Amino acid sequence: MGSLGKNISLGLFLFIGILVITPGFAIRTHEENPELSRHLEECHTKVTKRCAIEISNSIYNNNNTPSEYCCQKHITTGKACHDDFIKLFVSKVPKDKVTFVVAKGDQIWNQCAAIVALAPVA
C-alpha cells in the first residue's frame, strides 16, 4: 500500500475509532443531515471498537478480510448501516479514491455475508 493509502487508512482508523467510542460524534460530524447522524449513532452501538477498526482497515488492505467474529458483528448491523458507513468513508477520502472505497466496501460486505452464512450456528 502506498503512502497515500496508509494515510487514508490511518485517518479512517482514527475517525472510526472516535465514532465508535464517542457518543454524539456522528451528530457533530453530520449536523447537516440529522437523520444520517441518528442512524450512524444507532449503528455504532452494535459494533465493537476492535471490529470497527478491523473492518475499516479491510477496506484498504487488499489481502485483509475481517475475522468471522467481526463479520458477524458487521452483518448484524445490517446493510443500511454498512451503506451509511461507506457514505461516511467516502466523505473523508480524496475524490480519486471514492470508486475504490465503494467497491471495496461492497466486497467486504459480500465476504462477511459469505463467512456468516458458512459459520456454524451456536
Can you name the condition, by its number, that residue 36 falls short on among (1) modelled with pLDDT under 80; (2) under 22 Å from residue 112 (Cα atoms); (3) out of contact with any Ser or Thr (no Cβ under 8 Å at 6 or more places or on another chain); (4) open to solvent by 20 Å² or more (accessible area, probe 1.4 Å)? (2)
Within region 40-82, residues being in a helix (DSSP H, G or I), more than 19 Å from residue 114 (Cα to Cα) and of a type in the set (Ser, Thr, Tyr) number 1
Kindly list, by first and then second residue, each pair from a residue in region 93-117 that is touching a residue at least 12 places away in the same chain (Cβ under 8 Å) to a residue that is of a type in the set (Val, Ile, Thr) and open to solvent by 50 Å² or more (accessible area, probe 1.4 Å), limited to pairs with Cβ atoms under 6 Å and residues at least 6 apart or on different chains. 111/65
Tally, over region 52-89, of residues that are under 11 Å from the mean Cα position of the chain (by Cα) and closer than 18 Å to residue 34 by Cα: 9
With respect to residue 117, determine if the residue is exposed (fewer than 13 other Cβ atoms within 10 Å of the Cβ), among the small types (Gly, Ala, Ser) and in a helix (DSSP H, G or I). yes
Subset of region 92-112 that is closer than 20 Å to residue 78 by Cβ and of a type in the set (S, T, N, Q) - its residue that is least open to solvent (accessible area, probe 1.4 Å): 111
If you scan region 74-91, which residues turn out to be modelled with pLDDT under 90 and either touching a Gly at 6+ places or on another chain (Cβ under 9 Å) or open to solvent by 40 Å² or more (accessible area, probe 1.4 Å) (or both)? 85, 86, 87, 89, 90, 91
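The values are calculated or read from the model by the stated rules, or taken from the named source; none is laboratory data. Predicted, not measured: the structure shown is a model, and the values here were computed from it. Ideal geometry is used to build each Cβ from the backbone, glycine not excepted, and the neighbour counts take in all protein chains shown. Accessible surface areas use protein heavy atoms only, side chains included; no ligands, DNA or RNA. Shrake-Rupley method; radii C 1.70, N 1.55, O 1.52, S 1.80 Å.
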